[in-house]
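S.K.: Please see the structure below; I have some questions.
Just so you know, all these numbers are worked out from the coordinates, no wet-lab data involved. Keep in mind the model is a prediction, meaning the values are calculated, not measured. Counting neighbours? That spans all protein chains shown, and the Cβs are built from the backbone with ideal geometry, glycine included.
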Amino acid sequence: MASVIRGSDNFDTTPPSVGKVVLSSGNISNTSTSFVDVTGASITITTGANPIYIGACFSFRNNNVNYDTSFNFTIDGALQMGNLGVIQDQGSATSAWSLCAPHVQSVALSAGSHTIKLQWKVAGGTSLMLANGNENVQFFVNEIK
Amino acid sequence: MIVTHEVMINCTGITGEECNDNCITSLGHGTDFNLKAELPTDTLHGSVSIIHNDLPLPHVVIVEVYEEDEAPTNLTSHGITTGRQSTLARPAVMPTEQDLINKLETLA
């Protein structure tokens, strides 16, 4: 006969919080050499005292060969991937697109509301991120519990 | 100062980068009001970010103008210090929000 082990009466039965943004209304360009928000890429969720998983996936390019484009996530304004973030330099042709799919697991957050953003900057020139109906930006946050 | 303005722009037939260049040109981009770095060590007075919506939706243009000077820091790429970052500086003549909006409207 199978035995049933009863769990703690305090077991957290609430589902994990999730958030997702899809940017598809129009491609996004940027000339900022300091981190600025990717317009529209902001998610606010309410979590328990748990870590979160943050991910994004998109294509981009810079119109200057060898110039860097950097990406980072913020949680409540704090950068999550170091001061520089993840960096991709433009290859041999300015027509070439790069795929970028950064993802991060945070430390345990305080219980409550948190705002997560995707940010980017350029070393120079103009970077263009594809955010249209055919090639969109995926940005999501999942509470881990 | 950050100005967000919606303006009807038809950028069919040009790239997003070219459309961005048209915007910064309309805003008076130059050495006295530099909105795009040609070199990573340039002095910049602001930046432009645009959502290039197709008509009939307007483009969403976000113009940031630096209100305080910020010294550059070393630029490290893939663990190698390659130089210094751009200098962020308040322009000698600070534009008003309405100045910037009026200039963007010339693109409509």
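S.K.: As a footprinting exposure proxy, order B:57, A:118 by other Cβ within 10 Å, with the fewest listed first.
M.R.: Neighbour counts put them in this order, fewest first: B:57, A:118.
S.K.: So for chain B: antiparallel DSSP bridges make up what percent, rounded to the nearest 5?
M.R.: Rounded to the nearest five, the antiparallel share is 90 percent.
S.K.: Here's something else I'd like to know. Running a GNM on chain B with Cα contacts under 10 Å, which residue among B:55, B:44, B:35 ends up with the highest mean-square fluctuation?
M.R.: B:55
S.K.: Enumerate the calculated ³J(HN,Hα) couplings along the range B:10-26 in order (Karplus 6.51 cos²θ - 1.76 cosθ + 1.60, θ = phi - 60°), each rounded to whole Hz, writing x wherever the residue is Gly or Pro.
M.R.: Rounded to whole hertz, the list is 9, 9, 4, x, 10, 7, x, 5, 5, 4, 4, 4, 4, 5, 5, 5, 5.
S.K.: Roughly how many debye, to the nearest 20, is the charge dipole of the range A:18-143 about its Cα centre, given +1 on each Lys and Arg Cβ, -1 on each Asp and Glu Cβ, and no other charges?
M.R.: That gives the range A:18-143 a dipole magnitude of about 80 debye.
S.K.: To continue, here is another question. In nm, what is the difference between 0.36 nm times the number of residues separating residue A:94 and residue A:57 and their Cα-Cα distance?
M.R.: Extra length available between residue A:94 and residue A:57 comes to 11.3 nm.
S.K.: Under 4.7 Å Cβ to Cβ, no partner at all: give me those cysteines from the protein assembly as shown, in residue order.
M.R.: A:57, A:100, B:23
S.K.: Now, a different point. Show the residues, 5+ positions off or on another chain, whose built amide H is closer than 5 Å to the amide H of residue A:34.
M.R.: Under 5 Å from the amide H of residue A:34 lie the amide H atoms of A:122, each far enough along the sequence or on another chain.
S.K.: Distance from the Cα centre of the range B:1-79 to that of the range B:87-107, in angstrom?
M.R.: Using only Cα atoms to place each centre, the spacing works out to 11 Å.
S.K.: What size of dipole, in debye to the nearest 20, comes out for the protein assembly as shown about its Cα centre when the only charges are +1 on Lys and Arg C-beta atoms and -1 on Asp and Glu C-beta atoms? Could the numbers behind the result be given before it?
M.R.: Working: 10 positive and 24 negative charges, 158 e Å.
Charge dipole of the protein assembly as shown: 760 debye, to the nearest 20.
S.K.: Can I ask one more? Counting each pair of different Cα atoms once, what's the Kirkwood radius of chain A in Å, rounded to one decimal?
M.R.: Value: 16.5 Å, from the Cα pair sum.
S.K.: Give the order of A:61, B:90 when sorted by the count of other beta carbons within 10 angstrom, beginning with the fewest.
M.R.: With the sparsest Cβ surroundings first, the list reads B:90, A:61.
S.K.: Rounded if a/c is under 1.5, else prolate if a/b beats b/c, else oblate: with a ≥ b ≥ c from the C-alpha gyration tensor eigenvalues square-rooted, which is the protein assembly as shown?
M.R.: Verdict is prolate for the protein assembly as shown.
S.K.: From the Cα trace of the range B:2-105, what convex hull volume per residue do you get, rounded to a whole Å³?
M.R.: About 110 Å³ per residue, rounded to a whole number.
S.K.: Please give the FRET efficiency for residue B:92 paired with residue A:76, using the beta carbon to beta carbon distance and R0 = 30 Å, rounded to the nearest 0.05.
M.R.: 0.30
S.K.: Extending each Cα 7 Å along its Cβ direction at residue B:99 and residue A:115, get the distance between those two points in nm, one decimal.
M.R.: Distance between the two pseudo-spin positions: 2.8 nm.
S.K.: If you don't mind, another one. As a footprinting exposure proxy, order A:39, B:31 by other Cβ within 10 Å, with the fewest listed first. Mind dumping the intermediate values first?
M.R.: Working: A:39 21, B:31 8.
Least to most surrounded, the residues fall as B:31, A:39.
S.K.: Right, something else. Per DSSP H run of at least 4 residues, take -39500 (n - 2.57); add these up for the protein assembly as shown, divide by its residues and hand me the 222 nm value, nearest 500 deg cm²/dmol. The partial results should precede the final answer.
M.R.: Values: 2 runs with 20 residues, N = 253.
Result for the protein assembly as shown: -2500 deg cm²/dmol, rounded to the nearest 500.
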